[in-house]
Amino acid sequence: MTRQGTSRISNGFRMLFSAFLASVCLRSKNSSKILCENNCFILYNKDTITRETGMQPLKQKKRTLHGFIAVLACFVLIAGAMINMASMKNAVNTAIHRVSSIFAADDQTAADDQTAADNQTASAALPGSSQEADPEPETATTEGMLRDSANSATENTSEKPEGPEDDAVIANTGEALNPNFTDVVEDIGEIIVEDTAEEVVELVVEEDPEELWRKTFYPVPSSPAVDEFYFRDALFIGDSRVMGLMLYSGLTVEATFYTEKGVNVTTLLTKAIVLQTGGNRITIPEALNDLQFGKIYIKTGINELGWRSLKSYIEAYGEVIDRIRELQPEAVIYIQSILPVSQKKAEEGGYFTIPRVLEFNEEIKKMTWEKGVYYLDVFQGMVNEEGFLPEEAGNDGIHLNKEYCKIWLEYLKRHVVRDYGY
Amino acid sequence: MVKSVRLLCIPIVCYLIAGVLLLGACDKADDSRDSAREAAFSLDVAAVAERFNQELDYRDRLEELDPGVVYVLLGIREEEVRTLKGYFSSGATAEEIIVLQAAEAESIKTLRAALEDRIAYQKEIYASYAPEEVRYLQGAILLEKGEYLIYCVAADAEKAERLAEQLLTNP
C-alpha cells in the first residue's frame, strides 16, 4: 500500500471517530457550540457554524461531505460485521455436518450392501420394466449415467423423499438431516454434491462394472434428440416393417435401407434384395463389401414369431450379427426389439401375441449383451397403455402407417449411443 | 386379240403400281399423324395418380411417396423421369400406384422395363410372404402412351384398366 493510501485510511478512521463523536454531540444542547470549538464536521446549523467559526462556505461543504461519508462508513462497517458473523455460523455448521457424516458412514455402508442386493433382484424383471416410462431426456454422459445408476440403486424400494430430504439421499447419510440444518443445506448444496460425487464413485467401484454397464445401456437410454443428418452414415436392415420405415420416415435421402418383405434371419443375408440402379439385385454382404457405414440398425422377428424353436432364431440372429460385424467392423450396431402388434391382431389367435413378442424380445436383449451390441427397446416406444400397438397405427395391426413410422423415427432419434470412452 | 390384251395390260399395270404407291403414302401419313398426336398428348401426372387413389378401392390405405423413394424402389435414375407420383401400401398389401412422364422418348423403354421387373419381383416375393396377394399382382395394369406410363395394382383390376384407358384417351 502506498503512503498516500495509508494516509487516506488514517483519515478515514479519524472521520469515523469524529462521526461517532458527532452522533453523540448531537444530543447535547450546546452541540453547535461544542462542535464549533472542536472544529468538528457537522451538517446542520450551517449558518451558526459559518458565523462562529468564520469558516468559508466551501470548507463547510467539504466538511459536510466528510460527515456524510463518515456516517455511511459506520453503517458499512456494522453491516459487514453482521455478514461475517453469518459466514462464521455457516462454517461452524459445515464442520459439524462433516464430523457427523464420518460417524454415520459406517452405518450407511451396511445399508448400501442390502440395497444393492435388492436391486439385482429387481433387474431380472421384463425388459423396460426397470426403466422409467419416457424419462426426461438428459445428456447421457458417463458421470450422469453413473450417478443415475447409483441413485437408483440407493433409492431401491423406498420412495425418494421430497424437499430437503433429497439432499439427505444425495449425501448418502442414510437418514434425513437434522431439520435445523435445512436452511444451511441450501446454502452449502454445492459442497454436499461434491461429497456425494466422491461417495458415488466409491459405490461404483464396489458394484460389478459389467452389471452397471448392463443397467445403464440395456436398453439404450433416452438421450438428446439427433436430427436426420445423424443418419447419413446409417444402414437399416430388416423385414417389411423396416421397409415401411424406409417408405414413410423421410430418411431415404440420408440413410440406406436394405429391406424386403418376408425376409427372416436365415434369408436376410442370402437373398438378393439390394436393388442396384439398372435393375440388378445383389445380397447384403455383397453390397457391404463396397461401402462402410457408421451405424447399422437391424430388426427382424415378426416373421419368426411362428418358429417352433426360439433358440434357433436367436442362434441364427447371432450369426447375422457376427457376419455384419465382420463386414463392418467400425460400425455401431443396434438391434431393435420386435414392435408390438395391435389388440385386434393379437385376438385373432396365432403367433402374433404380446407375450410371444415379449418372450422373443427378452432373448434378443440377452443375445445383444453377449454379442456386445446395443439393444433398442422400440417396443416400449410404440406400445400404448394397454400394452398393444395402437389400432390407428396401421391397417393390419402389424405394419405401421406413415404417421407411426415417423413416431418410430423420433424414438430412434432420441435413443443414440454417443462415445463415452467405452 | 393378243395386241388388244397387251394394250389393256399396260394401263392395268399402271393402275396397280399407282395403287401400291398410294397405299404406302397413306400409311406413312397415318404414322406421322399418330406421332404428331402422341407428341401433342399431355397428361397431368399428379391428377391422374390422385384419381387412381380416390376412385378405386384398396384394402390398405395408400400413402403418397417421395419420388426419391420411388427411384430407389424401381432402381431408376432421377434424370430419366420428368414427373412422377406414387402411392404405396404400408406393406400389408401389394397395392400401389405409379404414374410418370419420362424425361425423353428414349427413357420410356427403360422405365417400362423397370416397372415390369417390379411386377415380376413382387410376385416372387409375395409367393412366399403373402400368397393371396399374387392374384392382385397378376391383374396389375401397365399402360403406356407417348412419354407417359400408368402402373397400378388394385383390388379391381378391370376397373383400374378402364380408368386408365379413359384417362389416356381423354385426358
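The values are calculated or read from the model by the stated rules, or taken from the named source; none is laboratory data. Keep in mind that what you see is a predicted model, and the values were worked out from it rather than measured. Cβ: placed from backbone, ideal geometry, glycine included. Neighbour counts: every protein chain shown.
Residue-by-condition table, conditions (1) aliphatic (A, V, I, L, M); (2) under 13 Å from the mean Cα position of the chain (by Cα); (3) more than 14 Å from chain A (Cβ to nearest Cβ); (4) closer than 19 Å to residue A:275 by Cα:
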residue	(1), (2), (3), (4)
B:82	no, no, yes, no
B:94	yes, no, no, yes
B:100	yes, yes, yes, no
B:118	no, no, no, yes
B:121	no, no, no, yes
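Of the residues making up the stretch A:337-363, those that are under 19 Å from residue A:317 (Cα atoms) and hydrophobic (A, V, I, L, M, F, W, C) are A:338, A:339, A:357, A:358, A:360.
Yes/no per residue for (1) touching a residue at least 40 places away in the same chain (Cβ under 8 Å); (2) away from every other protein chain (no Cβ under 12 Å); (3) of a type in the set (Ser, Thr, Tyr):
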{"residue": "B:115", "(1), (2), (3)": "yes, no, no"}
{"residue": "B:127", "(1), (2), (3)": "no, no, no"}
{"residue": "B:151", "(1), (2), (3)": "yes, yes, yes"}
{"residue": "B:158", "(1), (2), (3)": "no, yes, no"}
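When residue A:407 is tested against the conditions (1) aliphatic (A, V, I, L, M); (2) away from every other protein chain (no Cβ under 14 Å); (3) part of a helix (DSSP H, G or I), the lone failure is (2). Would you check if residue A:281 is among the charged types (D, E, K, R), more than 14 Å from chain B (Cβ to nearest Cβ) and out of contact with any Gly (no Cβ under 6 Å at 6 or more places or on another chain)? Spelling it out, it is not the case that residue A:281 is among the charged types (D, E, K, R), more than 14 Å from chain B (Cβ to nearest Cβ) and out of contact with any Gly (no Cβ under 6 Å at 6 or more places or on another chain).
Somewhere in the stretch A:288-302, is a residue more than 37 Å from the chain's Cα centre (by Cα), surrounded by fewer than 18 Cβ atoms within 10 Å (Cβ to Cβ) and in the same structural domain as residue A:363 (by TED's automatic domain parsing)? Spell out how you get there, then give the answer.
Start the filter on the stretch A:288-302 by keeping residues that are more than 37 Å from the chain's Cα centre (by Cα), which leaves A:289-290.
Then keep just the ones that are surrounded by fewer than 18 Cβ atoms within 10 Å (Cβ to Cβ); that gives A:289-290.
Those left that are additionally in the same structural domain as residue A:363 (by TED's automatic domain parsing): A:289-290.
Taking every residue of the stretch A:288-302 in turn, at least one turns out to be more than 37 Å from the chain's Cα centre (by Cα), surrounded by fewer than 18 Cβ atoms within 10 Å (Cβ to Cβ) and in the same structural domain as residue A:363 (by TED's automatic domain parsing).
Among the residues making up the stretch A:317-345, a single one is crowded, with 17+ Cβ neighbours inside 10 Å and over 37 Å from the mean Cα position of the chain (by Cα): A:345. Based on this model, can you work out whether residue A:300 counts as free of Cβ contacts under 8 Å to residues at least 60 places away in the same chain and among the polar types (S, T, N, Q)? No. May I ask you to verify whether residue A:392 is within 14 Å of chain B (Cβ to nearest Cβ) and acidic (Asp, Glu)? In short, yes.
With respect to the conditions (1) more than 28 Å from residue A:304 (Cα to Cα); (2) within 14 Å of chain A (Cβ to nearest Cβ); (3) touching a helix residue (DSSP H, G or I) at 6+ places or on another chain (Cβ under 8 Å), residue B:141 falls short on a single one, namely (2). Applying the criterion of being in contact (Cβ under 8 Å) with a residue 12 or more places away in the chain and on the phi > 0 side of the Ramachandran plot to the residues of the stretch A:243-278, the residue that is nearest to the other protein chains (Cβ to nearest Cβ) is A:262.
Residue A:227 falls short on exactly one of the conditions (1) within 14 Å of another protein chain (Cβ to nearest Cβ); (2) surrounded by fewer than 20 Cβ atoms within 10 Å (Cβ to Cβ); (3) of a type in the set (Asp, Glu), and that condition is (1). When the stretch B:64-94 is filtered for residues that are of a type in the set (Asp, Glu) and in contact (Cβ under 8 Å) with a residue 24 or more places away in the chain, the ones remaining, listed by number, are B:79, B:80. Counting only residues that are in contact with a Ser or Thr (Cβ under 6 Å, 6 or more places away or on another chain) and modelled with pLDDT under 90, the stretch A:213-247 holds 2 of them.
Please specify each residue of the stretch A:370-385 satisfying the condition of being closer than 27 Å to residue B:59 by Cα and touching a helix residue (DSSP H, G or I) at 6+ places or on another chain (Cβ under 7 Å). Before the answer, list the steps.
Within the stretch A:370-385, the first condition is being closer than 27 Å to residue B:59 by Cα, and the residues that meet it are A:379, A:382-384.
Residues satisfying the conditions are A:379, A:382.
Scan the stretch A:306-320 and give yes if some residue there is of a type in the set (Ser, Thr, Tyr), free of Cβ contacts under 8 Å to residues at least 24 places away in the same chain, within 18 Å of residue B:71 (Cα to Cα) and not in a loop (DSSP other than H, G, I, E, B), otherwise no. There is no residue in the stretch A:306-320 that is of a type in the set (Ser, Thr, Tyr), free of Cβ contacts under 8 Å to residues at least 24 places away in the same chain, within 18 Å of residue B:71 (Cα to Cα) and not in a loop (DSSP other than H, G, I, E, B).
Give the residues of the stretch A:330-371 that are of a type in the set (A, V, I, L, M) and more than 21 Å from residue A:392 (Cα to Cα), sorted by residue number. Those that are of a type in the set (A, V, I, L, M) and more than 21 Å from residue A:392 (Cα to Cα): A:331, A:332, A:333, A:335, A:358, A:364, A:367.
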